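Q: Before I ask anything, let me first share the structure, which is written out below as structure tokens.
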Amino acid sequence: MIALLPAIILTVGCTAQAPELVGSSTVKAAFIDFVGSVEGVKSVRTRNWLSGFLEPGTMVVFDVTLGDESDSAEVDSTARLITEWVRTRVDPKADVTVYVTLFTAGNAVSLTADDASNWARIQIVDRAVASSAVDHAWLRAPWLEDPRNSDNGTNLQLVSSLPAEGFTSTAFAASMEAYQAFLPPESSFVTVIDSDLASYSSGFETKYRSLTSFVSEPPSDATLQCVDQVAVDPGVMGYDFAPASEFWSSTVDLQAADSELSKARLSCLNDIQKVEFTLDGK
């Protein structure tokens with residue numbers, strides 16, 4: 001595999017020998033100890049820990065980093081070891097959810113508890129970054145704990161970053177093709193950004209450039225051509241463009257000095273979706 005940052009949403013539900021089970025107070029230390037012994041793992045850290053009366057009782061978010069040279073088979077092997085540990089070691093009565101993100105060479109994958117689904121997700125990222133139009137990719141679940149992040153690959157999001165001077169349309173097409181090659185499109189998204197994956201959160205940051213669409217409803221060629229015009233406009237500081245959405249307007253952030261010129265140049269957006277132009281993100 002070329003480079004991967006995986007993530008795994010694992011909601012526990014299997015039993016194991018009673019002495020081996022871990023609960024909310026011991027899962028963090030036990031997991032870190034286990035992962036530290038796995039070949040190829042360079043580091044592990046706890047990114048978040050939530051514990052209380054609300055569901056889930058305890059949620060732990062781990063970032064596991066593999067060597068940059070790790071290929072797809074090695075990432076899959078590590079993912080299987082981790083999912084097996086969670087299935088067999090976490091007490092099913094403890095109300096604990098473990099969320100693991102595997103990192104390697106600048107890419108990422110959000111994993112579920114199903115090995116076959118994880119392998120499909122790994123292959124999607126591998127295929128996406130094989131294209132010269134894509135710099136890095138991250139197959140992730142949009143919300144932790146979301147039951148819609150099912151093992152059959154629905155309600156996921158493939159986020160791809162552009163290489164320097166890259167075009168949104170070609171990166172989007174490569175990302176869409178990679179996703180469709182391995183998983184069904186239902187309720188899943190493809191997003192292309194021109195910022196670092198580590199800085200991406202929701203896609204609503206007009207400081208950067210973001211194009212999002214449902215996999216099942218890809219934008220037209222005219223839409224992609226228009227987005228490319230936005231990308232090369234010198235008066236555009238950033239945009240959040242979601243042509244497949246009915247629930248929000250696209251936003252184009254303009255520099256004040258060039259705002260009117262850019263609005264005229266980007267008139268193609270008017271035929272696609274309601275667009276709001278802002279100055280300096282305001």
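Q: Which residues' amide hydrogens lie under 5 Å from the amide hydrogen of V100, considering only partners 5 or more residues apart or on another chain, with H built in the peptide plane?
A: The list, which skips near neighbours in sequence, is I8, I9, L10, F62, L111.
Q: Next up: What percent antiparallel are the DSSP beta bridges of the stretch 58-135, to the nearest 5? Write out the running numbers ahead of the final one.
A: Values: 4 of 12 bridges.
Approximately 35 percent, going by the DSSP bridge assignments.
Q: In nm, what is the difference between 0.36 nm times the number of residues separating R87 and E260 and their Cα-Cα distance? Provide the component values of the computation, followed by the final result.
A: Values: separation 173, 0.36 × 173 = 62.28 nm, distance 5.77 nm.
Difference between extended and current length: 56.5 nm.
Q: Something else: Each residue of the stretch 165-181 in order: what ³J(HN,Hα) in whole Hz does its phi give by Karplus 6.51 cos²θ - 1.76 cosθ + 1.60, θ = phi - 60°, with x for Gly and Pro?
A: Once θ is set to phi - 60°, the couplings for the stretch 165-181 become 6, x, 9, 4, 4, 6, 5, 5, 4, 5, 5, 4, 5, 5, 5, 5, 6 Hz.
Q: Out of the trypsin sites (Lys or Arg not before Pro) in the stretch 31-139, which ones are loop residues according to DSSP with at most 14 other C-beta atoms within 10 Å?
A: On the way: sites: K42, R45, R47, R80, R87, R89, K93, R121, R127; in loops: K93.
In loop regions of the stretch 31-139 (DSSP not H, G, I, E or B), the sparsely surrounded trypsin sites (Lys or Arg not before Pro) are K93.
Q: Suppose the chain between A116 and S43 were pulled fully straight at 0.36 nm per residue; how much longer would it get relative to their current alpha carbon spacing? Working shown, then result.
A: On the way: separation 73, 0.36 × 73 = 26.28 nm, distance 2.50 nm.
Computed gain between A116 and S43 is 23.8 nm.
Q: So how much accessible area does L279 have, in Å² to the nearest 10, using a 1.4 Å probe?
A: 80 Å²
Q: Subtracting the Cα-Cα distance from 0.36 nm times the residue separation, let me have the gained length for A30 to W248 in nm, one decimal.
A: Once the chain is fully extended between A30 and W248, it gains 74.1 nm.
Q: With each pseudo-label sitting 7 Å past Cα toward Cβ, what's the E186-A222 distance in nm, one decimal?
A: 3.2 nm
The values are calculated or read from the model by the stated rules, or taken from the named source; none is laboratory data. Small disclaimer: the values here were computed from a predicted structure and weren't measured. Reconstructed Cβ throughout: ideal geometry from the backbone, glycine too, with neighbour counts over all protein chains shown. Note: accessible area is taken over every heavy atom of the protein model, side chains too, but ligands, DNA and RNA are not part of it. Shrake-Rupley method; radii C 1.70, N 1.55, O 1.52, S 1.80 Å.
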